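The values are calculated or read from the model by the stated rules, or taken from the named source; none is laboratory data. Not measured: the values here are computed from a predicted model. Cβ sites come from the backbone with ideal geometry, for glycine too, and all protein chains shown count toward neighbours.
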Amino acid sequence: MESWRKNPVVFWLLNLPPAFWLFVFFLVPLGIVWVISFGEKRGVIDIEITWTLANYVRAVEPLYLEIFWKSIVMAGIATLACLIVGYPVAFAIAFAPERLKAILLIAVVLPFWINALIRTYALIAVFRSRGSINFGLEWLWEQANALLGLVGLGELALLGEKFVPVPLLYNNTAVTLGIVYAFFPFMVLPLYANIEKIDRSYIEASLDLGAGQWRTFFSVIFPLTWHGVLSGVIIVFVPALGAFFIPDLLGGTDSQLIGNVIERQFKSANDWPFGGALSFLLMYLTFGALALRAAVSGRKQGLEA
Amino acid sequence: MAEGQPIIRIREVTKRFGQTVTAVDDVSLDIREGEFFALLGPSGCGKTTLLRMIAGFETPSEGQILIDGQDMSKVPPNRRPINMVFQSYAVFPHMTVADNVGYGLKVTNVPKAEIRERAEEALELVKLGGLGGRKPDQLSGGQRQRVALARALVKRPKVLLLDEPLSALDAKLREAMQLELVRLQHAVGITFVIVTHDQNEALSMANRVAVMEHGRVRQLAPPSELYEFPNCRFVADFIGKMNLFEGRVAGISGEEVLVEVKGLGRFSLPGEGEASGEVGIAVRPEKVRLRREKPDEDMVAVHGKVSEVAYYGGSSFVYVTDETGRTISVNLQNEARTAEPGVTIGDELWCAWKPRDSLLLST
Ligand SMILES: Nc1ncnc2c1ncn2[C@@H]1O[C@H](COP(=O)(O)OP(=O)(O)OP(=O)(O)O)[C@@H](O)[C@H]1O
Ligand SMILES: [Mg+2]
């Protein structure tokens, strides 16, 4: 930074385009939505800015608060699932032989090369009644039945007359799985970067001092990768909170998240002021999460310093 | 102290990495209870690898390691009665000093009160009493190293392994810590095995030193024996300064070997009877005297010109180049207090030493 300041021409040349971009395509629209959130709908496209708080009052009605809460819970569960599955994956990659490492990392980020919408549709093909999982289960059911038939129990129809597909799609579980699937790499990458960085001698020192593998993991490895965990959690939680097309595609009627509600205000309901108010509430929530992260990691740092 | 039973026995241990690297090559040695043992050798000679095999972080490709009579091949690092001080210290950054020191006790379910007591005691031992509440990044390098020491000692291991424990410290602190380590070892009576590539460190601290080269132990002996009676050119050259001449055996009579060295003439020196053909003749710089006149016949002598003088305070090294272009280094004690140099570059004089002060090296 210091040296950049000494060379203002280069500094401005390099920073002006991104600054301009951010201003025109991010700050200005954000400002517009913020202003609109204090407006009133007059006609189909007319919005009058009256600086009313009515939209915010409506946004904190129990109906919407409930959806906010549900979004937080679902994003939280999905984040936790990402962490629980992602940590061992990141750990395995960090400790894999050098050549395998690159391949595994590519495998983790490979889904990014495909549009998120298409990936979500692909999940439908996996989860639906006549999808891959149910076909697999049906095959298992047939095999089990055949086996029962072989031992002479076929007549009893122990496993039911007919295979009944498991309803995997259009419920909250499907939405959670969809979110986990979509944001999984965001969890693995920061974790991997952190685990990779640990000096191996810490691990060896712990073993040397008599700690077993599990003890070493929970007392040394996990605390030393705490920053990676925090980063991963935030990077997954924040977009998961605002997810809208995943619940749209994979969710049932009761799987509406706050993202869907907001999307509807801007589209079918055509109520931009209310949509704006909801958006900003969501953004304040996100800020809250970020502030919490900063506070937690700041406290850790404070202890270490 | 150094007369104890073997506590670590290394039997024909070889360690290979992949197809091509043989880091440790057929090493057999015993480390005795209560001794201060040093593994000394140039970079890459396999010292760390040997130490890590003792600690259990590497498994020998061949051979066997016994600690206290027990075969260690199936024993994981956390079950071995030894502890290690890592080169990087590996003091856990997320724990306080006291928690670091207590860690090894906590994981083996020692009661809390005892942990606190023993941790405090160990910190006292390494002169860090009262710093238990600090975090590692509030400590200096030397203090961190003491934390690593205390953390290992608090476990009361049978053997303490130290991998280049002083290499990250500055010269002054390193010297102080050398004394400190010897004091500690006397105080706790635990066997210390230290890895170092610094010969001064090994010679000044250890009871016995194993000198390694290319994965093999070239000589295992107490420091004075290593210095005065190196058994091969490598050790002679690696330990201290040495003048080395190429010569050949001209005859053998009993315990004496008659050698002939170009420019030095013929002389007898003590040696094994089996020496023959080309041999090396070595003499330490401090055994060589400088004479203005031709010395007596019973001295080995060579005439030359002073090509350089290096002043080190307590002593000086004088480099004398003879007619054949060989350079002989001579160590002079600066006994009298004077700013006048005794010899100056260009002086013509004689280097001389007693035949029995030189050493016959057949390999
Ligand atoms: N994990 C490994 N894989 C492959 N080769 C290794 C490995 N560890 C050590 N080596 C090789 O084995 C040899 C001995 O290494 P080692 O670390 O024991 O040397 P050292 O004597 O401790 O050297 P230094 O004084 O530099 O620490 C070296 O050639 C090194 O490159
Ligand atoms: Mg080493």
>> Condition check: in a helix (DSSP H, G or I), over 30 Å from residue B:89 (Cβ atoms) and in contact with a Leu (Cβ under 6 Å, 6 or more places away or on another chain). Does residue A:239 satisfy that?
In response: no
> Is there a residue being among the aromatic types (Phe, Trp, Tyr), assigned to a strand (DSSP E or B) and crowded, with 19+ Cβ neighbours inside 10 Å anywhere in region B:226-238?
Replying inline: no
> Can you name the residue in region B:33-57 that is more than 10 Å from ligand 1 (Cβ to nearest atom), over 20 Å from residue B:73 (Cα atoms) and not aromatic (Phe, Trp, Tyr) and, of all such residues, is surrounded by the most Cβ atoms within 10 Å (Cβ to Cβ)?
Replying inline: B:38
> Got at least one residue in region B:321-328 being free of Cβ contacts under 8 Å to residues at least 60 places away in the same chain and farther than 29 Å from residue B:233 by Cα?
Replying inline: no
> For region A:195-236, what are the residues that are outside any helix (DSSP H, G or I), facing chain B (nearest Cβ under 10 Å) and surrounded by 16 or more Cβ atoms within 10 Å (Cβ to Cβ)?
Replying inline: A:209, A:210, A:211
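Condition first: of a type outside the set (D, E, K, R), within 14 Å of another protein chain (Cβ to nearest Cβ) and in a helix (DSSP H, G or I). Now tell me which residues in region B:99-133 satisfy that.
Result: B:100, B:101, B:102, B:103, B:104, B:105, B:115, B:119, B:122.
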> If you go through region B:20-32 one residue at a time, how many are among the hydroxyl-bearing types (Ser, Thr, Tyr) and near ligand 1 (Cβ under 10 Å from one of its atoms)?
Replying inline: 2
> From the residues in region B:194-219 that are outside any strand (DSSP E or B) and within 14 Å of ligand 1 (Cβ to nearest atom), which one is nearest to the other protein chains (Cβ to nearest Cβ)?
Replying inline: B:197
> Right, residue B:90: in contact (Cβ under 8 Å) with a residue 60 or more places away in the chain and either buried (at least 23 other Cβ atoms within 10 Å of the Cβ) or within 16 Å of ligand 1 (Cβ to nearest atom) (or both) or not?
Replying inline: no
> Within region B:166-174, can one find any residue that is within 16 Å of ligand 2 (Cβ to nearest atom) and in contact (Cβ under 8 Å) with a residue 60 or more places away in the chain?
Replying inline: yes
>> Test of understanding: among B:12, B:33, which residue is more than 16 Å from ligand 2 (Cβ to nearest atom) and under 26 Å from residue B:201 (Cα atoms)?
In response: B:33
>> Any residue at all in region B:319-333 that's over 16 Å from residue B:243 (Cα atoms), of a type outside the set (D, E, K, R) and at pLDDT below 90?
In response: yes
> Do we have residue B:17 as among the aromatic types (Phe, Trp, Tyr) and within 9 Å of ligand 1 (Cβ to nearest atom) here?
Replying inline: yes
>> I'd like to know if region B:269-282 contains one or more residues that are in contact (Cβ under 8 Å) with a residue 12 or more places away in the chain, over 30 Å from residue B:342 (Cα atoms), in a strand (DSSP E or B) and among the aliphatic types (A, V, I, L, M).
In response: yes
> Of the conditions (1) touching a residue at least 60 places away in the same chain (Cβ under 8 Å); (2) away from ligand 1 (no atom under 12 Å from the Cβ); (3) at the interface with chain A (Cβ under 9 Å from one of its Cβ atoms), residue B:78 fails just one. Which one is it?
Replying inline: (1)
> Mind checking whether some residue in region A:186-194 is within 14 Å of chain B (Cβ to nearest Cβ) and closer than 19 Å to residue A:87 by Cα?
Replying inline: yes
> Within region B:143-164, can you find the residues that are aliphatic (A, V, I, L, M), more than 16 Å from ligand 1 (Cβ to nearest atom) and either closer than 10 Å to residue B:89 by Cα or part of a helix (DSSP H, G or I) (or both)?
Replying inline: B:147, B:148, B:149, B:150, B:152, B:153
> Which of the residues that make up region B:134-154 are facing another protein chain (nearest Cβ under 10 Å) and small (Gly, Ala, Ser)?
Replying inline: B:148, B:152
>> Quick check on my filter: what residues within region B:48-67 are small (Gly, Ala, Ser) and not in a strand (DSSP E or B)?
In response: B:55, B:56, B:61
>> Cβ-Cβ under 9 Å, sequence separation 6+ or interchain: first residue in region A:159-171 and farther than 16 Å from residue A:125 by Cβ, partner among the aliphatic types (A, V, I, L, M). Which pairs?
In response: A:159/A:144; A:159/A:148; A:163/A:137; A:171/A:250
> For region B:91-126, how many residues are under 23 Å from residue B:183 (Cα atoms) and either among the aliphatic types (A, V, I, L, M) or out of contact with any helix residue (DSSP H, G or I) (no Cβ under 7 Å at 6 or more places or on another chain) (or both)?
Replying inline: 13
>> Tell me whether region B:287-309 contains one or more residues that are within 17 Å of residue B:329 (Cα to Cα), in a helix (DSSP H, G or I) and touching a strand residue (DSSP E or B) at 6+ places or on another chain (Cβ under 9 Å).
In response: yes
